[in-house]
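To start, the structure under review is shown below, and the notes come after it.
We did not get these values from a lab; they are worked out from the coordinates using the rules stated. Just so it is clear, the model here is predicted, and its values are computed rather than measured. Positions of Cβ are generated from backbone atoms using ideal geometry, with glycine treated the same way; all protein chains shown enter the neighbour counts.
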Amino acid sequence: MKIDEIQIRVRYGETDQMGVVYHGNYALYLEMGRIEWLRKLGISYKKMEENGVMLPVISLNINYKKSASYDDVINVKTQLKNKPTAKIEFEYEITNDKGEILTTADTTLVFIDIKTNRPVRAPQYFLDLITD
């Protein structure tokens, strides 16, 4: 399935008193990876919402292996797990500049019709873009 990678430099404000990335910030890194994954396929999350579909996260699992610290450059690899239906699942791997695995994670999101607040199947244009 489609894979994308982004690099992020850890900012001071993302660290805790011990100088390591606060655990809650990893969810933001995953979101950044997911949004860029969509953007590079030609899918704008903003346009999806304007067209009446949103993608809330319904499941988030994170496994912490090693810490990242202020000014580290981390690599977030985002991979689609399988073909979307009414839900879409991603796997992630966050590594440091030495290639060491810091974190692994997975998320599940659901395609929701904004007007009805009910699940819907993935839009056809979305499916067309991921199968090219």
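Summary table
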{"quantity": "Helix-only mean residue ellipticity at 222 nm for the chain, each DSSP H run of n ≥ 4 adding -39500 (n - 2.57), per residue, nearest 500", "calculated": "-7000 deg cm²/dmol"}
{"quantity": "Which listed pairs, of 81/115; 47/98; 65/115; 46/98, have C-alpha distances above 32 Å, in listed order", "calculated": "47/98; 65/115; 46/98"}
{"quantity": "Estimated vicinal HN-Hα couplings, Hz - segment 65-80 in sequence order (Karplus 6.51, -1.76, 1.60; Gly, Pro = x)", "calculated": "10, 9, 8, 10, 10, 3, 6, 5, 9, 10, 10, 10, 9, 10, 9, 5"}
{"quantity": "Neighbourhood net charge (14 Å Cβ-Cβ; Lys/Arg +1, Asp/Glu -1) for residue 14", "calculated": "-2"}
{"quantity": "Angle in degrees between helix 25-41 and the longest Cα principal axis of the chain, rounded to the nearest 10", "calculated": "50"}
{"quantity": "Candidates per trypsin sites (Lys or Arg not before Pro) in segment 1-62, loop by DSSP, up to 12 other Cβ within 10 Å", "calculated": "11"}
{"quantity": "Computed magnitude of the charge dipole of the chain (debye, nearest 20; Cβ of K, R +1, Cβ of D, E -1)", "calculated": "380"}
